[in-house]
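See structure below.
The values are calculated or read from the model by the stated rules, or taken from the named source; none is laboratory data. Quantities reported herein were computed from a predicted structural model and do not represent experimental measurements. As a convention, Cβ positions derive from the backbone with ideal geometry for all residues, glycine included, and neighbour counts pool all protein chains shown. The protein model used for the area step is the full one, side chains on, heavy atoms only, and it has no ligands, DNA or RNA in it. Shrake-Rupley method; radii C 1.70, N 1.55, O 1.52, S 1.80 Å.
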Amino acid sequence: MSDSKYFTTTKKGEIFELKAELNSDKKEKKKEAVKKVIASMTVGKDVSALFPDVVNCMQTDNLELKKLVYLYLMNYAKSQPDMAIMAVNTFVKDCEDPNPLIRALAVRTMGCIRVDKITEYLCEPLRKCLKDEDPYVRKTAAVCVAKLHDINAQLVEDQGFLDTLKDLISDSNPMVVANAVAALSEIAESHPSSNLLDLNPQSINKLLTALNECTEWGQIFILDCLANYMPKDDREAQSICERVTPRLSHANSAVVLSAVKVLMKFMEMLSKDLDYYGTLLKKLAPPLVTLLSAEPELQYVALRNINLIVQKRPEILKHEMKVFFVKYNDPIYVKLEKLDIMIRLASQANIAQVLAELKEYATEVDVDFVRKAVRAIGRCAIKVEQSAERCVSTLLDLIQTKVNYVVQEAIVVIKDIFRKYPNKYESVIATLCENLDSLDEPEARAAMIWIVGEYAERIDNADELLESFLEGFHDESTQVQLQLLTAIVKLFLKKPTETQELVQQVLSLATQDSDNPDLRDRGYIYWRLLSTDPVAAKEVVLAEKPLISEETDLIEPTLLDELICYIGTLASVYHKPPSAFVEGSRGIVHKSLPPRTGSSESAESPDLAPTGAPPSEQPAVIPTQGDLLGDLLNLDLGPPVGGPPVATSSVQMGAVDLLGGGLDSLMSDESEGMGGPSFTAPSAVMPSNLAAPIGGGLGDLFDLAGGVGSLSVAYVAPKTVWLPAVKAKGLEISGTFSRQVGALSMDLVLSNKALQVMSDFAIQFNRNSFGLAPAAPLQVHAPLAPNQSVEISLPLNTIGSVMKMDPLNNLQVAVKNNIDVFYFSTLYPLHILFVEDGKMERQMFLATWKDIPNENEAQFQIKDCPLSAGSNIFTIAKRNVEGQDMLYQSLKLTNGIWVLAELRIQPGNPNFTLSLKCRAPEVAQHVFQAYETILKN
């Protein structure tokens, strides 16, 4: 009979009968009884009353019965700690049992009982097991140390278990070595500052020897540990690579990916001229291809990792294009991922194959996939110039199919092709204009409007086409409105006589009838430009546009390097660093690839290039459109005072950025600034001295001891009325938001202004931009009598559902009581989402500031501001330039978005200038409001 019989009993005196059976003299009966107890426990019945009787069964030499009793113990020790102490003696005894399986079982169970009172009794048996003669016991004891460290770290350190663990790395048995490495890595992760895994060539040698004989999970632990090691030179890196390469042929995909991670990391140190480098590249391709013959879920994980590898080293898979062709039965998530990699690998050699495939995909039934395939054809045209003509004719064939969503995607990508190859393919514009009426998606409408505005002189009825869009101007999305405004201004500048009315109409729609600040600002700028200086307007609006670059969706280099260090983990699937999605990520250390050696690429990244390098060695940057407009935000820098005139032709405008050229020197603590005035910036912006004393009371503004700024006292806004009594049948709700020591709360006052008693309160939030949600129910302990008020602090968390709101910080709330359900919405200040670990390291700040594109920079004026301070905004560095005080600051939001800030203050001037850079530019406006709120209060 099967084990299901243990789950079927429904007698009334069940516990009583089990008790009798557990105390029976017959061994078989005892075992049956314990099985029934475990079965009841498994289905969730409370059998803790039988604790003493089950513990009595521990005194047995039957291994199966012992395992069952230990299972029961692990489950109930936490709720019955006093009873659990009874079991300690048996543990101690079992740790000296002649049978190694029982010794290991005892030490494993000890580690799983998370009761403080018991842990100190377990140190002696654990010490013996760590030195046991049987490797099975030692490997189990190694993992037990990590578990014990989690319960009581101090105890483990005092008892010297960490040193014993380090000794186990030299153990003769490979499984013991693997478990010791796993335990030390686990402990090191929660204590990043402790240098536990002190790896040196000798210990690395032992790990590599153990690698060949471990189980697969042991191999993964060892490979992950090797990936954290920094070889002292390229010879050592090569020898490690040679010994890790055989792991690539392992059957377990996790082992393969861990080996790939180690090789990708150490390849950085090998010179590209080495023969071995080429051999290694060849060896990396087959295992990655093999991963793609697994089941779809594994394929997806492999593809996400391959996507990173191809961005870092496309040469590895350049001959393997065929394996990324889509199969008819691939799930959609695999198809989209394969498409992405196909584009990354597209080159002149294989473009014909790729285009033939993409054209097939564009006739599939799956809409998402077809859209992505059409986009991919456009990306191929931009990436491989020789194929552009074929791509355009393919896109025209697709437009002829008249399938709505295919036409719209094709128009969006043709716009990009025009940007990349001006004056080449404009003959297709007539075909595009035929499809104007069928466009209903904002992106396609905006693209079409751009084309009409950009090539207005070639389209006879351009004014009629644009006028047709104007009729429903207010119903269009912002993207379309902005595009329409610019296109009509372009049209006016090209055909001023016949379009005067049209341009006046669009300017008044954009400035007087619109409540979108971006649209209004752009409208006013055009209006003033056209009214004061039409020639300048022509130069600005019809300026030559820079060519667009090939890959627009590449991961930024610093993040890519970090993600390469996390191949084979969740981070490589999400394409986000662990700090962005791990809750309470206190122990996360940012990893990065080792610097290149040997080859001529030492100055590969501009950050590593010598500061005084002559301009010729600097990498050429395609300036973005914002730079060429003189970057409207930067115009208040003023001319350099008393310095030599600067030749701006070689300097993109972005270099006269708010951080000027002083950024590099700002981050290095050198007092002499940059090595001589190289071309980076006008001399006016050179910092004279990083540690220049800051005047004007700035020192009081942010606590700048030791160059670190963070504020302890969080500003809490005064309560305002959110829901007036008139709208809520007599219930008035006022409140505010606060953050104290990392805990968010909504502080409410509920007032009953009705004639009846209110009770049964409950609260719910709608989905919102940052996932704010109540962390506990709304508790009003007594019914609320008429004319009575009650103050409540409702704890919040940020793990609710996310949906982008407009404005970003809008929160919609529903409150229920015994009378009805009431709805209101309120705006929460963004500073309650600034987290405590928002201090960015200086080098990281420098790299990130440079990396975020200039168009993501937003600048604000904070007017009439007294000096005071707010919380969780961290000052990274400060300096004094031309009598202005500059603070460089970082902060981090609860969803992992970093914001970098530069605050400029002139002594005696009550207005501050705040510049913000962030990868999510829509956050900037709200961060500015938070700064303003904090500084003014």
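Seen from all directions on average, the stretch 8-160 presents a Cα convex hull projection of 9.1 nm². Summary of the geometry: the stretch 859-937 and the stretch 83-149, compared by the centres of their Cα atoms, lie 55 Å apart. Which percent of Cα pairs goes in each bin when the distances of the stretch 771-898 are cut into 5 angstrom slices starting at zero? Calculated P(r), rounded to whole percents: 2, 7, 11, 17, 16, 13, 11, 8, 6, 4, 3, 2, 0. With the cut-off at 27 Å, report for the stretch 701-831 the share of all Cα pairs above it, as a whole percent. Counting every Cα pair in the stretch 701-831, those more than 27 Å apart make up 25 percent. Using C-alpha pairs under 8 Å with a sequence gap of at least 6, the mean separation divided by the residue count of the stretch 246-363 gives a relative contact order of 19 percent.
In a simple Cβ point-charge model (Lys, Arg +1; Asp, Glu -1; nothing else charged), the stretch 235-355 has a dipole of about 80 debye relative to its Cα centre. The lysines within cross-link reach of Lys545, meaning a Cα-to-Cα straight distance under 19 Å and a gap of 8 or more places when in the same chain, are Lys383, Lys415, Lys420, Lys424, Lys490, Lys494. Shown here is the pair-distance distribution of the stretch 393-484: with all Cα-Cα distances grouped in 5 Å bins from zero up to the longest one, the shares run 2, 14, 28, 26, 20, 9, 2, 0 percent. At the listed q of 0.13, 0.16, 0.18 Å⁻¹, the Debye profile of the stretch 258-372, built from one uniform point per Cα, gives log10 I(q)/I(0) equal to -0.53, -0.77, -0.93. Here r is the Cβ-Cβ distance between Arg919 and Glu189 and R0 is 30 Å; the resulting FRET efficiency, rounded to 0.05, is 0.70.
Scaling the Cα radius of gyration of the stretch 157-211 by the globular reference 2.2 N^0.38 Å produces a ratio of 1.08. Shown for the stretch 331-452 is the translational diffusion coefficient from the Stokes-Einstein equation, using the Kirkwood radius over Cα pairs, a temperature of 37 °C and a viscosity of 0.692 mPa s: 229 µm²/s. Near Tyr823, once Lys and Arg are set to +1 and Asp and Glu to -1 for all other residues with Cβ below 13 Å from its Cβ, the sum equals +2.
Could you compute how fast the stretch 855-935 diffuses translationally, taking Rh as the Kirkwood radius over C-alpha pairs and applying Stokes-Einstein at 4 °C with viscosity 1.567 mPa s? Give it in µm² per second.
Numbers: Rh = 13.0 Å.
The Stokes-Einstein estimate is 100 µm²/s.
Can you pull the Kirkwood radius for the stretch 395-436, inverse mean 1/r over Cα pairs, to one decimal in Å?
On the way: mean 1/r = 0.0958 Å⁻¹.
In the stretch 395-436 this quantity evaluates to 10.4 Å.
Compare the peptides 20-31, 341-352, 129-140 by average per-residue count of other Cβ atoms within 10 angstrom and give them in order, highest first.
Values: 20-31: 13.7, 341-352: 17.8, 129-140: 19.4.
Most protected by this proxy first, the peptides run 129-140, 341-352, 20-31.
Provide the three semi-axes, in whole Å and in decreasing order, of the ellipsoid equivalent to the stretch 241-305 as defined by the square roots of 5 times the Cα gyration tensor eigenvalues.
Numbers: eigenvalues 105, 24, 20 Å².
Calculated on Cα positions only, the semi-axes equal 23, 11, 10 Å.
Grab the other residues whose beta carbon is less than 14 angstrom from that of Thr401, score K and R as +1, D and E as -1, and report the net. It would help to have the intermediate numbers written out before the result.
Details: positive: Lys359, Arg371, Lys402; negative: Glu360, Glu364, Asp397, Glu409, Glu434.
For residues surrounding Thr401, the net value is -2.
Each principal axis of the Cα cloud of the stretch 413-541 was evaluated for its coordinate range; sorted largest first, these ranges are 36, 32, 26 Å.
Where does each of 374-387, 289-302, 797-810 land if you order them by average Cβ count within 10 Å, highest first?
Result, highest mean first: 374-387, 289-302, 797-810.
For the stretch 376-453, with the dipole built from +1 on Lys and Arg beta-carbon atoms and -1 on Asp and Glu ones, taken about the Cα centre, which of Val407, Ala446, Gly378 lies farthest toward the positive end? Working it through, the farthest residue towards the positive pole turns out to be Gly378. Stokes-Einstein diffusion for the stretch 141-235, with the hydrodynamic radius set to the Kirkwood value over Cα pairs and evaluated at 20 °C in a medium of 1.002 mPa s, equals 160 µm²/s.
Roughly to the nearest percent, how much of the accessible area of the stretch 731-879 is carbon and sulfur, given a 1.4 Å probe? Could the numbers behind the result be given before it?
On the way: 3360 of 6570 Å².
Here it works out to 51 percent.
Sorted from greatest to least, the principal axis extents spanned by the alpha carbons of the stretch 84-192 come out as 36, 28, 18 Å. Computed over the stretch 468-550, the range of Cα coordinates on each principal axis works out to 37, 31, 24 Å, biggest value leading. Hydrodynamic radius of the stretch 209-248 by the Kirkwood approach over all distinct alpha-carbon pairs: 10.7 Å.
Using a cut-off of 12 Å between beta-carbons, work out the net charge of the residues near Thr720 (Lys and Arg +1, Asp and Glu -1, Thr720 not included).
Net charge in that neighbourhood comes out at -1.
Simple rule: put +1 on each Lys or Arg Cβ and -1 on each Asp or Glu Cβ in the stretch 775-888, find the dipole, and look at Val821, Val790, Leu808; the Cα lying farthest toward the positive end is Val790. Rounded to the nearest 20 debye, the dipole magnitude of the stretch 451-562 is 640 debye, with +1 charges on Lys and Arg beta carbons, -1 on Asp and Glu beta carbons, and the Cα centre as origin.
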